[in-house]
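Undergrad: Handing you a structure now.
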Amino acid sequence: MSSALQVTVPDGVPFIDFTREFDYPVADVYRAHASAELMSQWLGPRDLEMEVGRFDFRPGGGYEYTHVAPTGDRYEFRGTFHTVRENDKVIQTFEFLGFPDVVSIETLTFEDLGDGRTRLSGHAVYPTVEARDGMASSGMEEGMKQGYEQLDELLAKSAA
């Protein structure tokens, strides 16, 4: 069974790490990250709609998207893809435009656990511990939890 999201915010260093296991093959989990159409169906909290402005999933490419709340509030994000290795690893920058000049570098690793299962691991590095603490206290973990639950649901529909 897919596992719960595990988020670690270690003391004294500007890192956030996470792991989440899925009962789906690496290729399926990776494809859901590599496709703007699929990603817009699962990324972020359940109550937000996602508008993708740009999504160029390749080394040197980038992305821009906006989460829109039912109230009309808009939360804009952008980044650049540095490394994209199919079914293996993505290294990208991530910036929430509500906190300009705080850019993190994120590594996502897709690990084949056998039997059609995948472990997704992430490591995000922030410019300061304070910036990391701001992200950790922003509701990020709950948004990720809901997003990965939605990814499970999307993958279940695809498998059916």
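Undergrad: Magnitude of the Cβ-charge dipole of the chain, K/R +1 and D/E -1, about the Cα centre, nearest 20 debye?
TA: Dipole of the chain, to the nearest 20 debye: 300 debye.
Undergrad: Still on this model: Neighbouring Cβ atoms within 10 Å as the yardstick, rank K157, K89 fewest first.
TA: With the fewest neighbours first, K157, K89 line up as K157, K89.
Undergrad: OK, next. Would you mind checking which residues have amide H under 5 Å from G44's amide H? H placed 1.01 Å from N; only 5 or more apart, or other chain.
TA: Under 5 Å from the amide H of G44 lie the amide H atoms of G147, each far enough along the sequence or on another chain.
Undergrad: With unit charges on the beta carbon (Lys/Arg positive, Asp/Glu negative), name the residue among F81, L97, Y126 whose Cα is farthest towards the positive pole of the charge dipole of the chain.
TA: Towards the positive end, the residue furthest out is F81.
Undergrad: Quick one: 3J(HN,Hα) in Hz for segment 144-156, Karplus 6.51/-1.76/1.60 with θ = phi - 60°, rounded, Gly and Pro as x.
TA: 5, 4, 5, x, 6, 5, 5, 5, 4, 5, 5, 5, 5
Undergrad: Next question, about the same structure. So what's the back-of-envelope 222 nm ellipticity for the chain, counting only DSSP H runs of four-plus at -39500 (n - 2.57) apiece and dividing by all residues, rounded to 500?
TA: After summing the helix terms and dividing by the residues of the chain, the value is -7500 deg cm²/dmol.
Undergrad: For q values of 0.11, 0.21 Å⁻¹, compute log₁₀ I(q)/I(0) with the Debye formula on a Cα-only model of segment 6-159, without solvent.
TA: Values, matching the q order: -0.41, -1.66.
Undergrad: Follow-up question, since we're still on this one. Treating only the Cβ atoms of Lys and Arg (+1) and Asp and Glu (-1) as charged, compute the dipole magnitude of segment 113-153 about its Cα centre; round to the nearest 20 debye.
TA: In total the dipole reaches around 200 debye.
Undergrad: OK, next. How high is the relative contact order of the chain, in percent, with contacts defined as C-alpha pairs under 8 Å that are six or more residues apart?
TA: 27 percent
Undergrad: Treat the count of other C-beta atoms within 10 Å as a stand-in for reagent exposure and order R31, R46, R132 from fewest to most.
TA: Listing R31, R46, R132 from fewest to most nearby Cβ atoms yields R46, R31, R132.
Undergrad: Here's something else I'd like to know. Can you pull out the GluC sites (Glu not before Pro) in segment 68-160 whose DSSP state is coil and whose Cβ has at most 13 other Cβ atoms within 10 Å?
TA: Filter output for segment 68-160: E86.
We did not get these values from a lab; they are worked out from the coordinates using the rules stated. This one's a predicted model, so the numbers in the text were calculated from it and none came from an experiment. Positions of Cβ are backbone-derived with ideal geometry, glycine not excepted, and every protein chain shown enters the neighbour counts.
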